[in-house]
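The structure under discussion appears below in the form of structure tokens.
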Amino acid sequence: MSGKSHEYLCKALELAEEAGTFFEKTLQVCEDGLGKEVFGMLADQGARQKELIDEVYSSLERGEDWAGACSLDESDKNDVRGVFQSLAEKHVPQGACATEVTAARAAMDMQAAAVDFYDSWLSDAGDPVEKKFVEHMLGELRMQRVLLADLVEYYDDPEGWAMAQDHAGLDGA
């Protein structure tokens, strides 16, 4: 494994562990059903990301190349807005909950930093499979960010959020 890949994987693992700890702590203080579900999904996805990074790291340490170390399952890509909408429909809209909104905004900031990290890695990645791995991680982070942005919007203005989902206009058209 090249020195750069090793450094990037170590940092990716560190970021995944920090995110996992953050989401687990948030789950402990989340009172609202919707926030709890969203942060639970993010914690589960974070655990899968950490596991993937661990597997790739271990395989590369054993001397495999990127093609042998990294097999990505792209079949579980979800329509993140649709996922959030189906979750939101199960819950009665409530006013803004400071805990969940604060946590969602903090998570968005954390993920913005992670996206910057993966963008840097992407520009340095030499192996095509390594690039695909980094693009995969970036895609997941961006989907998570959309989910978090929907959560904040939902808490800030549940009626406005619902209207936007229905594509309702205020002009009567």
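Coordinate-derived values only; no laboratory data. Not measured: the values here are computed from a predicted model. In this analysis, Cβ positions are derived from the backbone assuming ideal geometry, glycine residues included, and neighbour counts consider all displayed protein chains.
What number, in nm² with one decimal, is the all-direction average of the projected area of the convex hull of the alpha-carbon atoms of the stretch 104-149? Could you put the intermediate results ahead of the total?
Details: hull surface 10.9 nm².
The directionally averaged projection comes out at 2.7 nm².
Protection proxy ranking for 13-22, 33-42, 55-64, using the average of other Cβ atoms within 10 Å per residue and placing the highest first: 33-42, 13-22, 55-64.
Charges at C-beta only: +1 for Lys and Arg, -1 for Asp and Glu. How large is the resulting dipole of the stretch 1-48 about its Cα centre, in Debye rounded to 20? Let's see the in-between values first.
On the way: 5 positive and 9 negative charges, 45 e Å.
Roughly 220 debye, rounded to the nearest 20.
Cross-linked pairs Lys4/Lys25; Lys36/Lys132; Lys25/Lys131; Lys4/Lys50: Cα-Cα separations exceed 24 Å for Lys4/Lys25; Lys36/Lys132; Lys25/Lys131.
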